[in-house]
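Q: First, the structure itself, so that you have it in front of you.
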Amino acid sequence: MKAYYNYKSNVLYGAILLFIIVFEAGCSSTRYIADYQSIVKDVKIDSVDKVFEEEAYNYIQKDIRPTSTIGINVLIYNAFNTKNGKYKTSNIKPLGTPPPILDSALVEISRNQIERFLNSKGYFNAKVKSGIAIKKQRANVTFTAVQGKAFTINKISYEIQDTMAKSLYLSRKQDFTHLREGVRFDDDSLSYEREQIYQLMKENGYFEFSRPYVKYSVDSNTNASKANVTLLIDNPLDKPAHPRYWIGQTNVIIAPDADGFPQDTIILNERIARNLRYTDLSKKFRRNPIVRYNFLNAPEMYDIRNEELTYNRMYELNVFKNVKIDYHKIKDSANKVFPSIYLIPQKIMNNRVEGEVPFNGGTVGFNLSNTYSNNNLFRGAERFEFQIKGGLQSRIGQGTSLFSDIYQRDFSLSANLSVPRLMLPFITARPGRKGGMPHTIFSTSYVYALQKEVFQRQVFLNSVTYEFVESKSKYHSVTPLNFEYRFGSLLLDTTSEAGQLIAAANYYSIKLLDRKNITLGIKYTYSLNANRLLENNNFVYLRASMDMAGNMLQLASKIGGNKHDPLYEDYATILGLPFNQYLRPEVDVRWYKSLGGERQLVTRVNAGIGYAYGNSIALPFEKLFFAGGSSGIRAWQARTLGPGNYNRGERITNPDARRAFYGIDQLGDMHIEANLEYRYKLLNKFFGAKLKGAIFVDAGNVWNSSSKSSTYSETYFDFSKLGKQIALGTGAGFRYDVQYFVFRFDVGLKLKDPQFKGSDQWVISKFLNGGKAFRDAYDVANSPDRYRFVQYNFGIGMPF
């Protein structure tokens, strides 16, 4: 009772203290300002149409605009930027956010900007007044609008002197125009029309056309809340029309090295083929792999889309750090422009050493890798990578030294060759104008894994993959050839009591660890809107994949007479080895919802299932699913949740067996996971970067589909028992955003744990009641496992 009282008291006192600190930060800034100054507490905009209210708020000057997280931000700013009871005027640290100090000049600028904004939206008679109320050096600012009636477009007329340009615009304007009679007048529509006209002209040979040629005349003196709009396109000075241009001879020039082009005159290659001169001063690139991505070809008409496409493809080759396209004219070649594409290569070879220390609950380890890369292996922008990686994982908190209980060792060698085109037999595939650069990827790797006292596993993997982008938002990855050869040995004594227990818990997949087998299959992945994951907008992300293996080998086996090897019981074999046959679909769907500013709500559902059939009764061990971890259900350590209502303390009664099989007995052949995360900005300037926060709720589990996977019925998926088998966790975290990387720290708290029964599943009640007695009892009964209500997760990048 005393411990319970102390815990409750501490929580209460802590909450009160936090409230006082935040409240003080929000209002005690008045102590650092002069007597004649005030802190802006609230800003409101009144009588503005709801459609424009949020946008109008953006016209209020930021220095007088309070933020939603003013308390914490100002607290940090005050801690570093005050001296002798006053705000510093020099040597200001870029930490936190200064309090919004009232400035009447900024209020007037804001009032004027809101009024002009309403005018631009068709409210030509709109007037905005500002009001300031001050009490105890805290100010409330209100902007009140009298909008008046919105003007609509009465008549649209055109004054375009160039007859060809006029014909082009009038024939195409229905594809893009926002200017229509009867709609509300809006300056944004005029700007959009100007941009579309500029793009249309540049796509149809008008190389010298620029935006200032497009002008508007607006007459709002109709006395009927209507405006007449005249669109004008001027001609160039001293010319009767806008000239059109065609592409002449193209020069592609590659600099000698990453330092750029020399100061001396560049000696160009004398050879010209198909109106293109290729000059490689570096002597490191073959001609065809580079010039195939030039889309500025003679004698085609100039089209800015071809210029943009050439820029994109040259950068996507990932071998040039700078691409520049210049045009010049030749006196005797009227209406022709001659492109020169200047390419500065990147450093071709690179070696990168990386390391990480995975720390998660009761385990710690390290991974160390060395990656050599060559961005131009065969002088055709092919990217080659060779990586050596090794690591180990150890249990801690058992009263032993840091690495005295190493239970897992991993080692791998891998090589990848990525060619920037689709290498298909009998087909010469050139990328289209939409999407991005296609790639053909050849991969091979060797993986060695040792689980102490359980298994030793080695896998050779080889694949050929085609990656191509249908459009900016649609990505496809097809692996028509995926070959895997597994072999190893089971270190587990299956005749012992511990061995029998773990074999029952780990299904038939344990048996696969003790035999050689091969996998030959195909893979396919489709993703939608992956290019928008860093945006704070509204969109849906989808990633769907299918891993299918064994069907071709099954057909070959039947044609060959279904050969069987007595060593492998009833399994058909190819070249004396059994083969795996399965389907493994998986889908990840997310909904990103912007809440304004840098606030965002993300919902996610991730599900997958593996089904072994034909020549297999279980999935390969590496194809099984797990729950928990820094990107899943974050209140659990990876591979320590499920399957279903599985309780390893009850099923594996031998402490030595629990220690040995840690992390491998809680896998399943299906999983369902759901996440809800609210993201927001905490500090705009925190040691040179943004500090963001997150609050999340995670739910899900892994399951076995049938008795083929496990002998324990509580691990099976049963829709009628789904509520009892779902794990729930919540938590909060920080994201330190340094533009190119996001360092993430999350704290997860268990709410509902399906390994227990009935009301005992709601472990949050035990946590709120102190939890020590519960943990002590659990630790004694489940040694060496320990129960953790709270899980810490470190990571790089967003969880999803």
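Q: Could you check the stretch 772-800 and list, in sequence order, the residues that are under 34 Å from the mean Cα position of the chain (by Cα), hydroxyl-bearing (Ser, Thr, Tyr) and open to solvent by 30 Å² or more (accessible area, probe 1.4 Å)?
A: Result: Tyr792, single match.
Q: Scan the stretch 628-649 and give yes if some residue there is of a type in the set (Val, Ile, Thr), modelled with pLDDT of 85 or more and under 19 Å from Arg584 (Cα atoms), otherwise no.
A: No; the residues of the stretch 628-649 include none that is of a type in the set (Val, Ile, Thr), modelled with pLDDT of 85 or more and under 19 Å from Arg584 (Cα atoms).
Q: One residue is enough: does the stretch 483-495 have a residue meeting the conditions surrounded by fewer than 17 Cβ atoms within 10 Å (Cβ to Cβ), more than 30 Å from Tyr712 (Cβ to Cβ) and at pLDDT 75 or above? Step through it out loud before you land on a result.
A: Initially, the stretch 483-495 is screened for residues surrounded by fewer than 17 Cβ atoms within 10 Å (Cβ to Cβ), giving 483, 485, 487, 489, 491, 493-495.
Now drop any that are not more than 30 Å from Tyr712 (Cβ to Cβ), which leaves 483, 485.
Of the ones still in play, those that are also at pLDDT 75 or above are 483, 485.
Scanning the stretch 483-495 turns up at least one residue that is surrounded by fewer than 17 Cβ atoms within 10 Å (Cβ to Cβ), more than 30 Å from Tyr712 (Cβ to Cβ) and at pLDDT 75 or above.
Q: Moving on to the next point. Output the residues belonging to the stretch 724-736 that are open to solvent by 40 Å² or more (accessible area, probe 1.4 Å) and touching a strand residue (DSSP E or B) at 6+ places or on another chain (Cβ under 9 Å).
A: Filtering the stretch 724-736 for residues open to solvent by 40 Å² or more (accessible area, probe 1.4 Å) gives 724, 728, 732, 734, 736.
Scanning the stretch 724-736 gives Leu728, Ala732, Phe734, Tyr736.
Q: Tell me, which residue of the stretch 671-685 that is among the charged types (D, E, K, R) and open to solvent by 10 Å² or more (accessible area, probe 1.4 Å) is nearest to the chain's Cα centre (by Cα)?
A: Of everything passing the filter in the stretch 671-685, Arg679 is nearest to the chain's Cα centre (by Cα).
Q: Give the residue, chosen from Asp234, Asp280, that is of a type in the set (D, E, K, R) and within 30 Å of Ser120 (Cα to Cα).
A: Being of a type in the set (D, E, K, R) and within 30 Å of Ser120 (Cα to Cα) holds for just one of Asp234, Asp280, which is Asp234.
Q: For Ile348, are the conditions met, namely being closer than 19 Å to Ile290 by Cα, of a type in the set (A, V, I, L, M) and modelled with pLDDT of 95 or more?
A: Numbers: closer than 19 Å to Ile290 by Cα: yes; of a type in the set (A, V, I, L, M): yes; modelled with pLDDT of 95 or more: no.
No; evaluated as a whole, the condition is false for this residue.
Q: Out of the residues in the stretch 468-482 meeting the condition of being free of Cβ contacts under 8 Å to residues at least 60 places away in the same chain and open to solvent by less than 40 Å² (accessible area, probe 1.4 Å), tell me which one is farthest from Ala530 (Cα to Cα). Don't jump to the end; show me each part of the working.
A: Kept after step one, since they are free of Cβ contacts under 8 Å to residues at least 60 places away in the same chain, are these residues of the stretch 468-482: 468-481.
Filter again for open to solvent by less than 40 Å² (accessible area, probe 1.4 Å), leaving 471, 473, 476-477, 479.
On the way: Ser471: 11, Ser473: 6, His476: 11, Ser477: 13, Thr479: 19 Å.
Result: Thr479.
Q: In the list Ala727, Ala773, Ala777, which residue meets the criterion of being more than 22 Å from Phe686 (Cα to Cα) and at pLDDT 95 or above?
A: None of the other options fit; the residue is Ala727.
Q: Something else now. Does Asp238 count as of a type outside the set (A, V, I, L, M), in contact with a helix residue (DSSP H, G or I) (Cβ under 6 Å, 6 or more places away or on another chain) and more than 30 Å from Lys347 (Cβ to Cβ)? Talk me through it step by step, then tell me what you get.
A: Working: of a type outside the set (A, V, I, L, M): yes; in contact with a helix residue (DSSP H, G or I) (Cβ under 6 Å, 6 or more places away or on another chain): no; more than 30 Å from Lys347 (Cβ to Cβ): yes.
Considered against the rule, which asks whether it is of a type outside the set (A, V, I, L, M), in contact with a helix residue (DSSP H, G or I) (Cβ under 6 Å, 6 or more places away or on another chain) and more than 30 Å from Lys347 (Cβ to Cβ), Asp238 comes out as no.
Q: Then there's this: Being without any contact (Cβ under 8 Å) to a residue 24 or more places away in the chain, part of a loop (DSSP other than H, G, I, E, B) and open to solvent by 40 Å² or more (accessible area, probe 1.4 Å), is that true of even one residue in the stretch 761-771?
A: Scanning the stretch 761-771 turns up at least one residue that is without any contact (Cβ under 8 Å) to a residue 24 or more places away in the chain, part of a loop (DSSP other than H, G, I, E, B) and open to solvent by 40 Å² or more (accessible area, probe 1.4 Å).
Q: Just checking, which of Ala415, Ala449 is of a type in the set (A, V, I, L, M, F, W, C), open to solvent by less than 30 Å² (accessible area, probe 1.4 Å) and modelled with pLDDT of 95 or more?
A: After applying the criteria, what remains is Ala415.
Q: Oh, and also: Among the residues of the stretch 95-147, which ones are among the basic types (Lys, Arg) and within 30 Å of Ile76 (Cα to Cα)? Step through it out loud before you land on a result.
A: So the first thing to find is which residues in the stretch 95-147 are among the basic types (Lys, Arg), and the list is 111, 116, 121, 127, 129, 135-136, 138.
The answer is Lys135, Lys136, Arg138.
Q: Now, a different point. Would a scan of the stretch 568-583 turn up a residue that is exposed (fewer than 15 other Cβ atoms within 10 Å of the Cβ) and either at pLDDT 85 or above or among the basic types (Lys, Arg) (or both)?
A: no
Q: Something else now. Under 6 Å by Cβ, and 6 or more places apart or on different chains, what pairs join a residue from the stretch 163-189 that is closer than 17 Å to Gly122 by Cβ with one that is open to solvent by 70 Å² or more (accessible area, probe 1.4 Å) and at pLDDT 95 or above?
A: Within 6 Å, the pairs are His178/Tyr192.
Q: Please go through the stretch 311-337 and give me each residue that is in a strand (DSSP E or B), hydrophobic (A, V, I, L, M, F, W, C) and either open to solvent by 90 Å² or more (accessible area, probe 1.4 Å) or more than 20 Å from Asp280 (Cα to Cα) (or both), ordered by number.
A: Of everything in the stretch 311-337, just one residue is in a strand (DSSP E or B), hydrophobic (A, V, I, L, M, F, W, C) and either open to solvent by 90 Å² or more (accessible area, probe 1.4 Å) or more than 20 Å from Asp280 (Cα to Cα) (or both), namely Val337.
Q: Do you know which residues across the stretch 383-402 are more than 25 Å from Gly488 (Cα to Cα), at pLDDT 70 or above and open to solvent by 40 Å² or more (accessible area, probe 1.4 Å)?
A: Arg383, Phe384, Glu385
Q: Okay, moving on. Determine whether the stretch 610-626 contains at least one residue that is touching a residue at least 40 places away in the same chain (Cβ under 8 Å), more than 18 Å from Asp514 (Cα to Cα) and open to solvent by 70 Å² or more (accessible area, probe 1.4 Å).
A: Scanning the stretch 610-626 turns up at least one residue that is touching a residue at least 40 places away in the same chain (Cβ under 8 Å), more than 18 Å from Asp514 (Cα to Cα) and open to solvent by 70 Å² or more (accessible area, probe 1.4 Å).
Q: Can you tell me which of (1) at pLDDT 80 or above; (2) under 27 Å from Ala133 (Cβ atoms); (3) open to solvent by 30 Å² or more (accessible area, probe 1.4 Å) is the one Ser38 doesn't meet?
A: (3)
Q: Just to be sure I understand the filter: pairs with C-beta atoms under 6 Å, separated by 6 or more residues or on different chains, first member in the stretch 317-333 and under 19 Å from Gly436 (Cβ atoms), second member assigned to a loop (DSSP other than H, G, I, E, B). Which pairs pass?
A: Leu317/Ala381; Leu317/Pro420; Val319/Gln346; Val319/Asn375; Val319/Asn376; Val319/Ala381; Lys321/Gln346
Q: Determine which single condition Glu598 fails, assuming it passes every other condition in (1) assigned to a loop (DSSP other than H, G, I, E, B); (2) closer than 30 Å to Tyr571 by Cα; (3) open to solvent by 30 Å² or more (accessible area, probe 1.4 Å).
A: Unmet condition: (2).
Q: Of (1) at pLDDT below 90; (2) closer than 30 Å to Glu54 by Cβ; (3) open to solvent by less than 70 Å² (accessible area, probe 1.4 Å); (4) not polar (S, T, N, Q), Val589 satisfies all except one. Which?
A: (1)
Q: Follow-up. Checking the condition touching a Pro at 6+ places or on another chain (Cβ under 8 Å) and open to solvent by 10 Å² or more (accessible area, probe 1.4 Å), which residue from Gly644, Gly688, Gly649, Gly668 passes?
A: On the way: Gly644 fails: open to solvent by 10 Å² or more (accessible area, probe 1.4 Å); Gly649 fails: touching a Pro at 6+ places or on another chain (Cβ under 8 Å); Gly668 fails: open to solvent by 10 Å² or more (accessible area, probe 1.4 Å).
Selected residue: Gly688, the only one of Gly644, Gly688, Gly649, Gly668 that is touching a Pro at 6+ places or on another chain (Cβ under 8 Å) and open to solvent by 10 Å² or more (accessible area, probe 1.4 Å).
The values are calculated or read from the model by the stated rules, or taken from the named source; none is laboratory data. Please read all numbers here as calculations on a predicted model, not as lab measurements. Methodologically, a virtual Cβ is constructed for each residue, glycine included, from the backbone with ideal geometry; neighbour enumeration extends over all protein chains shown. For accessibility, only protein heavy atoms count, side chains too; no ligands or nucleic acids. Shrake-Rupley method; radii C 1.70, N 1.55, O 1.52, S 1.80 Å.
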